[in-house]
Amino acid sequence: MSLLPYEQIEAFKNRGAEVGHGAFGENIIVEGFDLKSLPIGTRFVCNDVVLELTQIGKQCHAHCAIYHQMGDCIMPREGVFCKVLAGGTIAPGDLIEIA
């Protein structure tokens with residue numbers, strides 16, 4: 001499960017990127033968190049869903065289409081990855097909090 005900050009997506013769009021939701025392969029877009037600064041093990045709660053941060057960023061072995069278009073991609077440095085500790089439903093606009 002991957003999370004990406006809304007603010008970083010918007011800043012990337014302001015640089016000329018034409019990207020929509022899911023373009024980076026993110027599962028959830030969150031707002032108000034500097035995800036890359038959170039420690040591994042941080043837990044997020046949204047409704048019945050509990051996620052645990054397992055990885056910050058990723059190595060990009062083969063540059064994606066966004067990188068080829070823009071010369072950059074934010075997912076490798078801004079995206080985080082979580083394991084699902086408790087499943088459930090998350091809908092756009094739902095509040096996600098650090099537990």
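Any read-out appearing in this document is the output of simple, stated calculations on the displayed coordinates, not a laboratory observation. Given the structure is predicted, the values throughout are model-derived calculations rather than measurements. Using ideal geometry, Cβ is built from the backbone for each residue, glycine included, and neighbour counts are taken over all protein chains shown.
Okay, residues lined up against (1) in contact with a Phe, Trp or Tyr (Cβ under 8 Å, 6 or more places away or on another chain); (2) surrounded by 10 or more Cβ atoms within 10 Å (Cβ to Cβ):
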position: LEU3; (1), (2): yes, yes
position: HIS21; (1), (2): no, yes
position: ASN27; (1), (2): no, yes
position: VAL45; (1), (2): no, yes
position: VAL49; (1), (2): no, yes
position: THR54; (1), (2): yes, yes
position: GLN59; (1), (2): no, no
position: ILE74; (1), (2): yes, yes
position: ILE96; (1), (2): yes, yes
Next on the checklist: For region 49-68, check the following and say yes or no: at least one residue is touching a residue at least 40 places away in the same chain (Cβ under 8 Å), of a type in the set (D, E, K, R) and either within 25 Å of GLY16 (Cα to Cα) or out of contact with any Gly (no Cβ under 7 Å at 6 or more places or on another chain) (or both).
Outcome noted: no
Checklist outcome for this item: Of the residues in region 24-47, those that are in contact with a strand residue (DSSP E or B) (Cβ under 6 Å, 6 or more places away or on another chain) and among the acidic types (Asp, Glu) come to GLU26
